[in-house]
Amino acid sequence: MAPLTLLLLLLRLFLLRLILPVTAQTQDLSSSTSSFSVSDPPWLPSQSNRSLLSPNSLFSVGFLPSPSNSSEFHLAVWVEASVDKTRVWALGPVSSFSPLFISATGDLTLADLSGANLFPSSASAAPNTTFLRINDDGSLTFSTWTSFASPGDTLLPNQLLRNSSVLSSGFYGFNGSSLLFDNQPFWGVSPISLITSDGALMAGSTNQGNMLIASDYGRRDALIRRLTLDADGNLRLYSLWRNSDGLWKIVWVAIPEICLIPNICGPYSICVPNETYDAMKCICAPGFHTSADGAECVRNKDYLPSSKFLQLDYVQFTAKQGTVNLSPADLDRCRSTCLGNSSCVGFSYAIDGLKNCYNHYGELVDGRWSATWPTTTFLRVASSETDNSSFTGLTAMIDTVCPDYISLPFMPKEVKSTARNVAIIGTIFLFELILGAFCFLAFLRRYTKYVNMARTLGLEFLPAGRLKRFSYSELREATDDFSNILGSGGFGKVYYGKLSDGRAVAVKQLRKSSGDAEFWAEVSIVARMHHLNVVRIWGFCIEKEQRFLVYEYIPNGSLDSVLFQDPEEFAGGAEDEDSKSYSNNSKRPVLDLSMRYRIALGVARAIAYLHEECLEWVLHCDIKPENILLDDNFCPKVSDFGLSKLTSKKERVTMSSIRGTRGYMAPEWVMNDEPITAKADVYSFGVVLLELVAGMRNWDFRRDSAESVDWYYPRWAYEKVFVERRIEDVLDARILVSFDDRVNVGTAERMVKTAMWCLQDRPEARPSMGKVTKMLEGLVELTEPAKPTIFYLSEGNVGAKILHHSLGFKSEMHDQHSPCSAGSSLAGR
């Protein structure tokens, strides 16, 4: 502005100050009007009861005090229906003596603190022809100028965010595709240029590119929505509903875990989120304290010349002067390297088996804590520092192969007395001879009785294993009179017990209606199994009508109780309806992606062992999360062989109707002309593998479309991963916040691609379990699989049955002669 123009403007303001009190006496300034014209008296910021109201009474315009200085004001647009009169646009700051007026030349004028006009040159029109007004959409207009062209920190529905516009809030900004801190991007999204009134965020009015939607998308009772860049640097979409309390509801957020936003806490401060990760608190690192003004964390003592390190588990920092990667290096070398450099303020060590070591230099910023990071930061402090670290609890990584350690007794010392040895050996030999003769005579007397008993009870089928035959009284004492129930299933109940030698066991009691065939089927199969990932049977009891199986106790229960966020009673086959899960932990942990991968690999190895490494082929028939147990170290163990079929490897089983657990059955179970082979277990494993990635039941997946194919979960997952290339949409939301594209995307894609190969509708198209194991281990190159289909939809009644079962609906069809029948779930043993 030229000096002469500025002088005239200041002179006009001085004259207005003199005449305004006289003018104001003749004008009612306490009312809300719809427009402001040249004939209206100048509008001073001190007139807080004067405002413009939109025709729909939803938005108002007026002067409001500045949030940072009560003596300064902003010309603001706010939402009338909100409790706090939320500002959606503001212009300023201005002093209390800076009036808003329309000059004789038609210029809309409001001077800032320096005297310059805050309105651009486009806010000009012929005198007495144009007025300032607030519209129903919240836009403030004067001639060709509109407030929508210069947004602040908020975008209203149908307000276009142009290429040159940026939402701004303090140090943060949003340019339509990236969140910025100090003009550096730290989060990106598909371009957003406007929001619609029904809650959609899109690139343009023609819906160009991908579209994001709010959680209340389409709700007709939404009064107004706003997309705001908040002061903490997070981008949020708010909704205000009719007949509500006037409070805004968050319906979409850019960064769910707020600690991922840079500069959320100061240097040497650690951001600790709450349980839902939508709020946090900043804590000074050990060895630091809050300054007197509370603005920053300062070091308690200088760490030179003598220093030590405090261990901060699950904590990660960013070093301003850089980080030096010394990988691979053991912990001692990583520590000594940092100690040898006076500029090194700490180091990080990743507990991932790769010996990743990083030395940090300069100020440490963006400190954050997350239980999903297997990283420990060692912060350098003075040797005399008395602070202790409260960030502890990082456990070692769990290997898929869980070793069993055994100890061998020491060799006894040699006894030189030959006579003593001869006497001892002779006595033992004589005792054994007498005992053997007695036993032989007893055997001859009761031979016939034992033969009849063996034929009656099926003892001739008992495998030559080292199983102990328990008495009923032993099990009654071990289970405290059968008082501690772990779970129940189709065959009976499962009790917790403790043997006299201290071993914890799960005692499975079969119901009286269960025949001896089912009893000996599970005994004969599990007793032959010797694998790390197969549950072990230690003994049995058979007295009169009582039938018990004694298993090793698996403390962490079944996979379904840990994997699914809201575990419900499993409604499987006819006999599974009364099964329930047990856990001795009230709060279940959240499995990260690496743990889910190790569980999947362990289950695959167990099934491959059943199919390919046993002397006889074992078809499990009921692979599902309820039959996968987790021990103390979350090492998986396949259980529940009551449904299994034991036959030769060349034999192929045919079926006449459907049996099994819905949602996990292969299509050949309902095709009368299809033989049942090991590929049926491969299909069930594919369903479980997909559930491991997604963290939800396959039948819990629902779509808005009425088309049946859109309700088929594997088809939807295939579209997301292989067509849209958005694997994050398939991942469990609880692990998505810690998902690292560089580290985890390969594992996630390999798991999903392997699952799709297992879910092929034709058995010959599926790989063997041995190959599935190699696919998960990355030893086999994975090609893109064909899209899974809902089997034979066009083949009449058979297709209807397949669709009925593939989508997880309960079947009423049973086959008493099938090799697999619904068994009890031992989840929670």
Exercise. If we count every other residue with Cβ under 13 angstrom of F288's Cβ, Lys/Arg +1 and Asp/Glu -1, where does the sum land?
Worked result: -2
Seminar exercise, completed: Fewest-first ordering of K679, K771 by Cβ atoms within 10 Å yields K771, K679
Exercise. Between E719 and S197, what FRET efficiency follows from the Cβ-Cβ distance if R0 is 30 Å, with the result rounded to 0.05?
Worked result: 0.55
Problem set entry | Cβ-based exposure ranking for H531, H289, H360, in which fewest neighbours within 10 Å come first | H289, H531, H360
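Can you give the net charge of the other residues whose Cβ lies under 15 Å from the Cβ of K301, counting K and R as +1 and D and E as -1?
Summing Lys and Arg as +1 and Asp and Glu as -1 gives 0.
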Problem set entry | Given charges at beta-carbon only (K, R positive; D, E negative), |dipole| of region 269-382 in Debye | 360 debye
Exercise. Hey, which of these cross-link pairs are over 31 Å Cα-Cα: K320/K753; K355/K753; K281/K320; K249/K753?
Worked result: K320/K753; K249/K753
For this session: Between E477 and L339, take the C-beta separation as r, use R0 = 56 Å, and let me know the FRET efficiency to the nearest 0.05.
Result: 0.40
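Sort F443, F685 so the one with the fewest other Cβ atoms within 10 Å of its own Cβ comes first.
Numbers: F443 10, F685 27.
Neighbour counts put them in this order, fewest first: F443, F685.
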Problem set entry | Net charge dipole size for region 157-291 [Lys, Arg +1 and Asp, Glu -1 on Cβ; Debye, nearest 20] | 360 debye
For this session: Please report, to two decimal places, log10 I(q)/I(0) for region 154-255 at q = 0.16, 0.20, 0.22 Å⁻¹ as given by the Debye formula with identical point scatterers on the Cα atoms and no solvent.
Result: -0.64, -0.98, -1.16
For this session: Please report the relative contact order for region 269-382, taking Cα pairs under 8 Å with a sequence separation of at least 6, and give it as a percent rounded to a whole number.
Result: 34 percent
Exercise. To the nearest 0.05, what FRET efficiency results for D501 and S177 with a Förster distance of 51 Å applied to their C-beta separation?
Worked result: 0.20
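Only the coordinates and a few stated rules stand behind these numbers; no lab work does. As the structure is a computational prediction, the values presented were derived from the model and not from experiment. When we count neighbours, we look across all protein chains shown, and the Cβ atoms used for this are built from the backbone with ideal geometry, even at glycine.
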